[in-house]
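In what follows, a single structure is set out as structure tokens and then discussed.
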């Protein structure tokens, strides 16, 4: 094989056939891996990048010592203490700060490959990096090195006590230690240290966003954020500094103070700690840290208030699935209460001086309808918008304000590998939260993909890995993604196309203040937010205009985002009854075409230009509604006009 190796050791495989197992010489010592049986790549699994401090397991991790002997990287089963979601049992140990590296055999010191580092989701309470969920073969066949990282979750990863010993965000700092390990050692595996992308889904996506916000050194040049950013509701709540006392009391120990409680908990089997936390319904999440001499600080200010200077010139791919909260509502036949809007809005907004906001939101989603199960899909739309879609849009705007290069996607494919629909036996059409994972990874509990599912796997992994390799999000599928518009062939994310996105701004201060003045003053939120919010429809409905250029970077062309088009299609009127003037008035009111960066003013579009946008939009939606096979695979955002 061609991976950068110290030696090639001829051994016998478990099943008896001979194979070459790679031995890599890293700065930490020699690491021996395995040849994969399902592709042309090598696996180095269970490599320790740090270790938990046994005397303070809730605090920062410690460096892992160099290897005195060859480390045999054969085992990816480590999992940090948690209630595992697939078997619903308490599992794991504190010997869990491991990472797995999957290397195509063509990687060499002369042919270094880009690196993709996966950070799993799980609400910061659960998750693991092994092949049970994250089999690598679909990604590594596209000539990238994949790294998957374990980090602490729950009380061991996110207890925040505002003390030097337990400042908070230990799980995020575990991830940081892993990124630094990769920076120092990935060249030994044939990796390109200058082409590192970090990727995460849900809490993993929030984690990636935290790394983008952090003041630490930049250890990546691209990021992929799937269904979660730091602006999601309750992503950074107030810390529960009494948590140790609460836990030890539940375990029957009378502690004098937090220090005494923590000394006791450091001696308790971690599974008992997780059991107590579960019975008490305690949740541990990222927090804003205080300053302590000699203690590394990761989250310095609330993300709403923080700028993102690290985003400058970073390529950012961010998006979500088209029915994020589908699993929560798919099998729900009752329990629809009229206060669902109030309960959710209170998570983020101070409603004490204006409860009319609840009515406004309610009217937007369900009008004057009485609450019933018949409205569950409208309520799902609200919950999806509130919990994921709009926070992603707000984050996109912040990235752009900090000179990031932004790509935005929506995934909506409904097939046999939609992970969370599969897990929860949901048959409703659409892509739920985390459903895309089944198309990025070889999930062990799923059967061989159907031909249609395999096509989606091929295309989404090509999109993602092209972004990792080139920083350009294209498919290289040519006319397979083309549609007819006014007799002309127009491609959906064809070759040599890259996209930027701009969010519509509020037209005036009254619109701007509609939501911002109700935001809770958590962690010292300031008035800067008022420049980043707008109207009710804008707050909960996508309003993004896409900028599309040819490969040369010259002559920008403009398109309306598919979000806006679909909102138009489902909320206003049938297309076949739309009058020309009504269409133009709508587009003038709700679309903002933003000029190229080198132009001094906004781009003015004549009536003919708006009609062209509308016709493209209409053709695109009709193609989707008719479920043409060329478009069903991926809910791509842009039409190349």
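Would you check if there is a residue in the range 358-367 being surrounded by fewer than 15 Cβ atoms within 10 Å (Cβ to Cβ), at pLDDT 85 or above, at positive phi and in a loop (DSSP other than H, G, I, E, B)? Checked the range 358-367: at least one residue is surrounded by fewer than 15 Cβ atoms within 10 Å (Cβ to Cβ), at pLDDT 85 or above, at positive phi and in a loop (DSSP other than H, G, I, E, B). Here residue 200 fulfils each of the conditions (1) in contact with a strand residue (DSSP E or B) (Cβ under 9 Å, 6 or more places away or on another chain); (2) in a helix (DSSP H, G or I); (3) under 19 Å from residue 214 (Cα atoms) apart from (2). Residue 256 meets all of the listed conditions (1) buried (at least 24 other Cβ atoms within 10 Å of the Cβ); (2) without any contact (Cβ under 8 Å) to a residue 12 or more places away in the chain but one, namely (1). Which members of the range 293-310 meet the condition of being buried (at least 16 other Cβ atoms within 10 Å of the Cβ), under 20 Å from the mean Cα position of the chain (by Cα) and part of a loop (DSSP other than H, G, I, E, B)? Within the range 293-310, 298, 299, 302, 303, 304, 306, 308 meet the criteria.
For residue 214, the criteria (1) at positive phi; (2) within 22 Å of the chain's Cα centre (by Cα); (3) surrounded by fewer than 23 Cβ atoms within 10 Å (Cβ to Cβ) hold in every case but one, which is (1).
Do the conditions hold for residue 9, that is, is it modelled with pLDDT under 95 and not in a loop (DSSP other than H, G, I, E, B)? Walk me through how you get there before you give the answer.
Details: modelled with pLDDT under 95: yes; not in a loop (DSSP other than H, G, I, E, B): yes.
Yes, satisfied.
Whether a residue is under 29 Å from residue 433 (Cβ atoms) and not in a strand (DSSP E or B) was assessed, and residue 138 passes this test.
Could we say that residue 52 is farther than 24 Å from residue 137 by Cα, in contact with a strand residue (DSSP E or B) (Cβ under 6 Å, 6 or more places away or on another chain) and at pLDDT 95 or above here? Even if it seems obvious, please write down each step before you answer.
Numbers: farther than 24 Å from residue 137 by Cα: yes; in contact with a strand residue (DSSP E or B) (Cβ under 6 Å, 6 or more places away or on another chain): no; at pLDDT 95 or above: yes.
The answer is no for residue 52.
I'd like the full set of residues that are out of contact with any helix residue (DSSP H, G or I) (no Cβ under 7 Å at 6 or more places or on another chain) and outside any helix (DSSP H, G or I), limited to the range 445-469. Those that are out of contact with any helix residue (DSSP H, G or I) (no Cβ under 7 Å at 6 or more places or on another chain) and outside any helix (DSSP H, G or I): 445, 447, 448, 450. Take the conditions more than 15 Å from the chain's Cα centre (by Cα), buried (at least 19 other Cβ atoms within 10 Å of the Cβ) and more than 28 Å from residue 309 (Cα to Cα) and apply them to residue 371. Does it pass? Here the answer is no, as residue 371 does not meet what is asked.
Could you tell me whether residue 248 is in a helix (DSSP H, G or I) and crowded, with 23+ Cβ neighbours inside 10 Å?
No, not satisfied.
Of the residues 421, 462, the single one that is farther than 20 Å from residue 146 by Cα and either crowded, with 20+ Cβ neighbours inside 10 Å or touching a residue at least 40 places away in the same chain (Cβ under 8 Å) (or both) is 421. Residue count for the range 109-132, restricted to those that are closer than 23 Å to residue 32 by Cα, surrounded by 21 or more Cβ atoms within 10 Å (Cβ to Cβ) and in contact with a helix residue (DSSP H, G or I) (Cβ under 9 Å, 6 or more places away or on another chain): 6. For the range 407-439, residues that are farther than 16 Å from residue 330 by Cα and under 14 Å from the mean Cα position of the chain (by Cα) total 7. State yes or no: is residue 219 surrounded by fewer than 24 Cβ atoms within 10 Å (Cβ to Cβ) and either in contact with a helix residue (DSSP H, G or I) (Cβ under 7 Å, 6 or more places away or on another chain) or part of a strand (DSSP E or B) (or both)? Judged against the criteria, residue 219 is a match. For residue 318, the conditions (1) without any contact (Cβ under 8 Å) to a residue 40 or more places away in the chain; (2) over 21 Å from residue 159 (Cα atoms); (3) in contact with a helix residue (DSSP H, G or I) (Cβ under 8 Å, 6 or more places away or on another chain) all hold with the exception of (1).
Selection of the range 70-104 for residues being outside any strand (DSSP E or B), in contact with a strand residue (DSSP E or B) (Cβ under 8 Å, 6 or more places away or on another chain) and over 30 Å from residue 261 (Cβ atoms) yields 70, 73, 75, 76, 77. Mind checking whether some residue in the range 171-180 is surrounded by fewer than 24 Cβ atoms within 10 Å (Cβ to Cβ), at pLDDT 95 or above and under 22 Å from residue 245 (Cα atoms)? There is no residue in the range 171-180 that is surrounded by fewer than 24 Cβ atoms within 10 Å (Cβ to Cβ), at pLDDT 95 or above and under 22 Å from residue 245 (Cα atoms). Could you say whether any residue in the range 318-336 is touching a strand residue (DSSP E or B) at 6+ places or on another chain (Cβ under 7 Å) and in a loop (DSSP other than H, G, I, E, B)? Yes, that holds for at least one residue. When each of 19, 110 is tested for being closer than 22 Å to residue 189 by Cα, assigned to a strand (DSSP E or B) and modelled with pLDDT under 95, the lone residue that passes is 19.
Taken over the range 260-292, the criterion of being exposed (fewer than 14 other Cβ atoms within 10 Å of the Cβ) and free of Cβ contacts under 8 Å to residues at least 60 places away in the same chain is satisfied by 267, 269, 279, 280, 281, 291.
May I ask you to verify whether residue 191 is touching a residue at least 24 places away in the same chain (Cβ under 8 Å) and within 16 Å of the chain's Cα centre (by Cα)? Quick ask: steps written out before the conclusion?
On the way: touching a residue at least 24 places away in the same chain (Cβ under 8 Å): yes; within 16 Å of the chain's Cα centre (by Cα): no.
In short, no.
For every residue, the table says whether it meets (1) closer than 28 Å to residue 23 by Cβ; (2) assigned to a loop (DSSP other than H, G, I, E, B).
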position	(1), (2)
156	no, no
162	no, yes
178	yes, no
209	no, no
224	no, no
228	no, yes
233	no, yes
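Taking the criterion of being assigned to a loop (DSSP other than H, G, I, E, B) and within 14 Å of residue 120 (Cα to Cα), the residues of the range 428-444 that qualify are 433, 434, 435, 436, 441, 443.
Every residue, every condition in (1) farther than 22 Å from residue 176 by Cβ; (2) surrounded by fewer than 20 Cβ atoms within 10 Å (Cβ to Cβ); (3) over 27 Å from the mean Cα position of the chain (by Cα), yes or no:
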site	(1), (2), (3)
57	no, no, yes
62	no, yes, yes
69	yes, yes, yes
77	yes, yes, no
84	yes, yes, no
101	no, no, no
104	yes, no, no
107	yes, no, yes
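Residue under question is residue 342, and the condition is that it be more than 25 Å from residue 440 (Cα to Cα), modelled with pLDDT of 90 or more, part of a helix (DSSP H, G or I) and in contact with a helix residue (DSSP H, G or I) (Cβ under 9 Å, 6 or more places away or on another chain); does it hold? It is false that residue 342 is more than 25 Å from residue 440 (Cα to Cα), modelled with pLDDT of 90 or more, part of a helix (DSSP H, G or I) and in contact with a helix residue (DSSP H, G or I) (Cβ under 9 Å, 6 or more places away or on another chain). Consider the range 445-468 and keep the residues that are in contact with a strand residue (DSSP E or B) (Cβ under 7 Å, 6 or more places away or on another chain) and modelled with pLDDT under 95. The one that is farthest from residue 137 (Cα to Cα) is 467.
The values are calculated or read from the model by the stated rules, or taken from the named source; none is laboratory data. Everything numeric here is computed off the predicted structure, so don't read it as measured data. Here the Cβ is made from the backbone with ideal geometry for all residues, glycine too, and neighbour counts use every protein chain on show.
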